[in-house]
Amino acid sequence: MRRSISLRLRVTLVCGVLLAACCLLLTLSHNHYAYEMADAIQAIPLQPSLPMGGAESVPMEELAMATLPARNTFRAQSLIAMAVIVAVGCLMVYWLTGKALSPLRHLDEQIRNRTAADLNRPLPVPSSGDEVAGLTVSFNQMSQNLSAAFEQQKRFSQSAAHELRTPLAILKTRIALFRKKGLCATPETARLLDVLEEQTNRLSDLVGDLLALTNLDELEHSESIDAAQLLSRTAESLEELAREHRVSLHLETAPGTVPGNRTLLERAFFNLVENAIKYNRPDGTVTIRACCEDGEFRVEVADQGIGIPREFREQIFEPFFRVDKSRSRQLGGAGLGLPLVRAVARLHGGRVWAEDAPDGGTRFVMTLPREKQSL
């Protein structure tokens with residue numbers, strides 16, 4: 001990938017080329033007219049006086065040879081002066097361009113630090129009234145529009161999820177009541193209830209994930225969390241699911257403390273391990289490792305499944321995206337588990353990504369900032 005040149009350097013290069021061209025033209029024209037003037041002076045006959053009176057003509061060839069070193073010195077000094085002027089001019093242009101672009105650089109830093117949570121907070125508009133001020137006003141208008149759109153989308157998702165929870169709860173209650181009363185008279189009725197219960201549970205999980213995803217704007221409260229213990233407890237809660245899928249869990253953890261929300265982190269760990277169990281091969285192993293390195297708490301969850309193609313490793317963190325849609329539906333996946341993991345990681349100042357596992361399959365890596373130790 002070719003490295004781009006900064007705007008400041010581009011302006012300096014353009015001005016430097018123009019300055020060098022102007023100085024070169026001035027130097028050449030100055031030397032040309034100086035030589036013409038020297039030739040005109042040389043054309044005047046010189047007759048130095050003799051001691052006894054009279055005069056003797058000086059040959060033109062001797063006069064030209066006598067003035068040649070002076071001409072060469074004048075040419076060299078002109079070129080040196082031109083080079084010095086161009087160099088000093090380029091440095092001045094670079095410095096002045098930096099001063100002129102400092103408001104734009106300050107605006108870039110402010111925009112770079114923006115998140116979706118503070119889009120409705122406008123940037124301070126400079127009082128200069130120049131292009132940077134106009135760009136700031138345009139950015140504030142765009143941020144307000146985006147904030148309104150995000151808020152509308154969030155309200156719709158929350159309302160839809162809340163409206164769906166009530167009928168789903170009623171369906172689950174009716175199915176449980178129907179089973180309790182022993183009204184499954186035929187095998188067909190029992191199979192129908194199994195399908196209804198499975199799909200109702202799937203919809204309930206989908207609604208829960210949707211609500212959790214739309215409510216992840218900022219940490220409501222932060223506490224000191226033993227991440228290794230939380231990960232171990234999460235793995236224990238999924239041992240039954242692992243046995244159902246004929247998958248073994250291998251856990252290697254090192255002590256580590258992170259600041260954050262315990263419920264959200266537990267949900268993220270749960271989704272990572274559950275995903276590795278469901279998409280593993282029969283008699284496979286899910287390896288869960290946790291360690292501290294470079295000021296971060298690093299969690300690795302590796303399976304031995306079919307893996308994820310490289311071109312899909314970013315898309316899997318988008319809501320409702322599934323690599324194998326038929327298998328995801330068969331396993332009850334809705335496409336919100338991994339997006340929720342990424343949202344939780346970013347909310348805690350961390351990252352999550354997918355890569356190839358050493359023994360085949362996929363390894364998910366999640367890093368979280370460690371808690372700063374007080375001295």
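The values are calculated or read from the model by the stated rules, or taken from the named source; none is laboratory data. Computed from a prediction, not measured in an experiment: that's the story for all the values here. With ideal geometry, Cβ positions are generated from the backbone for all residues, glycine too; neighbour counts draw on all protein chains shown.
Could you list all residues from region 245-276 that are of a type in the set (D, E, K, R) and modelled with pLDDT under 90? If you could, list the steps in order and put the result at the bottom.
Step one: of region 245-276, the residues of a type in the set (D, E, K, R) are 246, 252, 262, 266-267, 274.
Selection gives Arg262, Glu266, Arg267.
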Please pick out the residue among Glu240, Glu266, Glu252, Glu274 that is outside any loop (DSSP other than H, G, I, E, B), of a type in the set (D, E, K, R) and without any contact (Cβ under 8 Å) to a residue 24 or more places away in the chain. Glu240
Out of the residues in region 4-61 that are of a type in the set (Gly, Ala, Ser), outside any loop (DSSP other than H, G, I, E, B) and surrounded by 10 or more Cβ atoms within 10 Å (Cβ to Cβ), which is modelled with the lowest pLDDT? Ala55
Those residues that are over 18 Å from Thr200 (Cβ atoms) and either at pLDDT 75 or above or part of a helix (DSSP H, G or I) (or both), I need them from region 173-187; list them, please. Pro187
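Out of curiosity, is Ser237 within 30 Å of Glu371 (Cβ to Cβ), modelled with pLDDT of 80 or more, of a type in the set (Ser, Thr, Tyr) and over 29 Å from the mean Cα position of the chain (by Cα)?
On the way: within 30 Å of Glu371 (Cβ to Cβ): yes; modelled with pLDDT of 80 or more: yes; of a type in the set (Ser, Thr, Tyr): yes; over 29 Å from the mean Cα position of the chain (by Cα): yes.
Against the criterion (within 30 Å of Glu371 (Cβ to Cβ), modelled with pLDDT of 80 or more, of a type in the set (Ser, Thr, Tyr) and over 29 Å from the mean Cα position of the chain (by Cα)), Ser237 qualifies.
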Checklist (1) of a type outside the set (A, V, I, L, M); (2) in a helix (DSSP H, G or I); (3) buried (at least 18 other Cβ atoms within 10 Å of the Cβ) applied to Phe297, failing item: (2)
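Table: residues versus (1) within 30 Å of Leu19 (Cα to Cα); (2) touching an Asp or Glu at 6+ places or on another chain (Cβ under 7 Å); (3) assigned to a helix (DSSP H, G or I).
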{"position": "Leu91", "(1), (2), (3)": "yes, no, yes"}
{"position": "Trp95", "(1), (2), (3)": "yes, no, yes"}
{"position": "Lys99", "(1), (2), (3)": "yes, no, yes"}
{"position": "Pro103", "(1), (2), (3)": "yes, no, yes"}
{"position": "Glu109", "(1), (2), (3)": "no, no, yes"}
{"position": "Asn120", "(1), (2), (3)": "no, no, no"}
{"position": "Ser128", "(1), (2), (3)": "yes, no, no"}
Return the only residue of Asp303, Asp294, Asp283 being in contact with a helix residue (DSSP H, G or I) (Cβ under 6 Å, 6 or more places away or on another chain) and assigned by the TED database to the domain that holds Gly350. Asp303
Given the conditions (1) assigned to a helix (DSSP H, G or I); (2) out of contact with any Lys or Arg (no Cβ under 9 Å at 6 or more places or on another chain); (3) surrounded by 11 or more Cβ atoms within 10 Å (Cβ to Cβ); (4) without any contact (Cβ under 8 Å) to a residue 40 or more places away in the chain, and given that Gln158 satisfies all but one, which numbered condition is not satisfied? (4)
